[in-house]
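The values are calculated or read from the model by the stated rules, or taken from the named source; none is laboratory data. Since we're looking at a predicted model, the values are computed, not measured. Here the Cβ is made from the backbone with ideal geometry for all residues, glycine too, and neighbour counts use every protein chain on show. Heads up: the accessible areas ignore ligands, DNA and RNA and are worked out on the full protein's heavy atoms, side chains in. Shrake-Rupley method; radii C 1.70, N 1.55, O 1.52, S 1.80 Å.
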Amino acid sequence: MDIKLLADKIQAETKKIIVGKDDKIRLVIMAILSDGHVLLDDLPGVGKTTLVKTISKALGCDFGRIQFVPDMLPSDIIGMNIYNQKTGDFELRKGPVCTNILLADEINRAIPRTQSALLEAMEEKQVSIEGNKIEMPKPFIVLATQNPVESESTFRLPAAQMDRFLVKLSIGYPGKDEEKKMLENLGDKVPFENVNAVTSKEEILEAQNEIANVKVSEKIEEYIVAIAEETRNDSRLSMGASPRATRGLYKAAKTWAAMNGRDFVTPDDIKEIAIPVLAHRLVLLGASRYSGLTTETVLSNILEKVEVPTDIFEK
């Protein structure tokens, strides 16, 4: 399978609605082909939900949406057993989480108890309802949005949940030319009906299996581990990259290489995706935060500091 061609087809179809932001679209596609979840963290109205809905149509997978609100319960997400008066038995009613592509819209509006209902699904691809295990359909990807500036009726995502997102992205405001083109194309309505499915769940699963065969040399593995180790020893951070983050960077780098038409990972692949894959998992010390530092800045410093391997296939 040509992974580059597949990614290009998904991106071209998504661009029918999303003007510009090619780099962001590409990172979302990378996460999906890596079987990873995405957190879109940005201001209201910049197109987070529109991007998710558009790319979901292009993927040709089952799609579900949960609009998170403060009074939502875990059972509203994963489902529950409902008593059937006719039969006298309890029947399992699956929640909206049981789908291929789940839009978790404004995820930080739910209370922590409700947010935790997604933890098992995101990591183990299953949910537990009164002792019964329900497997998620394959593929299962959470594309979540959140508003970072509003504090009223919102709740901070716990570190355990942040670590389950493969990438965290901000779309940002469009440029002048992009915004003008957006008005010309989407000013009256968003024509989702123009977006066609260019792949399928079966093809995405096949692509994920194909990507597993991308080669990662021993020197590249050491490079990934060295970056993670530096985050754990950095005096500006109270929490560094977890082993889950290391595995995430490893898998994402394979996908990034395949999307660029290669069957092997290079150091540039690691450097290009390290910040969206790792930065949201790091936690600054209080003094670092108050001095204006960001985890992105710290990670950029670390990437400059860690020695880049050469002759990556040499023993």
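Descriptive notes on the structure:
- Of the strands (runs of 3 or more DSSP E) entirely within region 67-155, those holding at least 2 residues that are closer than 30 Å to L33 by Cβ and not acidic (D, E) occupy 101-105, 126-129, 132-135, 141-146.
- Test set (1) over 21 Å from N194 (Cβ atoms); (2) open to solvent by less than 10 Å² (accessible area, probe 1.4 Å); (3) over 16 Å from the mean Cα position of the chain (by Cα) - A104 fails condition number: (3)
- Per-region count, region 172-212, residues open to solvent by less than 70 Å² (accessible area, probe 1.4 Å) and either β-branched (V, I, T) or without any contact (Cβ under 8 Å) to a residue 24 or more places away in the chain (or both): 7
- Residues (touching a strand residue (DSSP E or B) at 6+ places or on another chain (Cβ under 6 Å) and surrounded by fewer than 20 Cβ atoms within 10 Å (Cβ to Cβ)) located in region 137-154: P148
Yes or no, residue by residue, for (1) surrounded by fewer than 22 Cβ atoms within 10 Å (Cβ to Cβ); (2) among the charged types (D, E, K, R); (3) at positive phi:
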site	(1), (2), (3)
T231	no, no, no
S242	yes, no, no
R247	yes, yes, no
Y250	yes, no, no
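- Selection status of T54, of a type in the set (S, T, N, Q), open to solvent by less than 60 Å² (accessible area, probe 1.4 Å) and farther than 24 Å from R281 by Cα: yes
- The C-beta contact set for region 93-110 (first residue basic (K, R), second residue assigned to a loop (DSSP other than H, G, I, E, B) and at pLDDT 90 or above, distance under 8 angstrom, 6+ apart or interchain) comprises R109/F68.
- Meets criteria (closer than 18 Å to D76 by Cβ, open to solvent by 10 Å² or more (accessible area, probe 1.4 Å) and out of contact with any helix residue (DSSP H, G or I) (no Cβ under 7 Å at 6 or more places or on another chain)) for E124: no
- Within region 195-247, the set of residues being within 22 Å of D35 (Cβ to Cβ) and in a loop (DSSP other than H, G, I, E, B) comprises A197, V198, T199, S200, A212, N213, V214, V216, A241, S242.
A quick yes/no check of all residues on (1) at pLDDT below 90; (2) part of a helix (DSSP H, G or I); (3) touching a Pro at 6+ places or on another chain (Cβ under 7 Å):
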{"position": "A7", "(1), (2), (3)": "no, yes, no"}
{"position": "A12", "(1), (2), (3)": "no, yes, no"}
{"position": "K24", "(1), (2), (3)": "no, yes, no"}
{"position": "I29", "(1), (2), (3)": "no, yes, no"}
{"position": "G45", "(1), (2), (3)": "yes, no, no"}
{"position": "T49", "(1), (2), (3)": "yes, yes, no"}
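- Region 156-186 - residue that is within 12 Å of the chain's Cα centre (by Cα) and among the aliphatic types (A, V, I, L, M) and, of those, farthest from V38 (Cα to Cα): M162
- Qualifying positions in region 282-306 - among the small types (G, A, S) and buried (at least 16 other Cβ atoms within 10 Å of the Cβ): S288
- Number of positions in region 259-285 that are without any contact (Cβ under 8 Å) to a residue 24 or more places away in the chain and more than 18 Å from the chain's Cα centre (by Cα): 1
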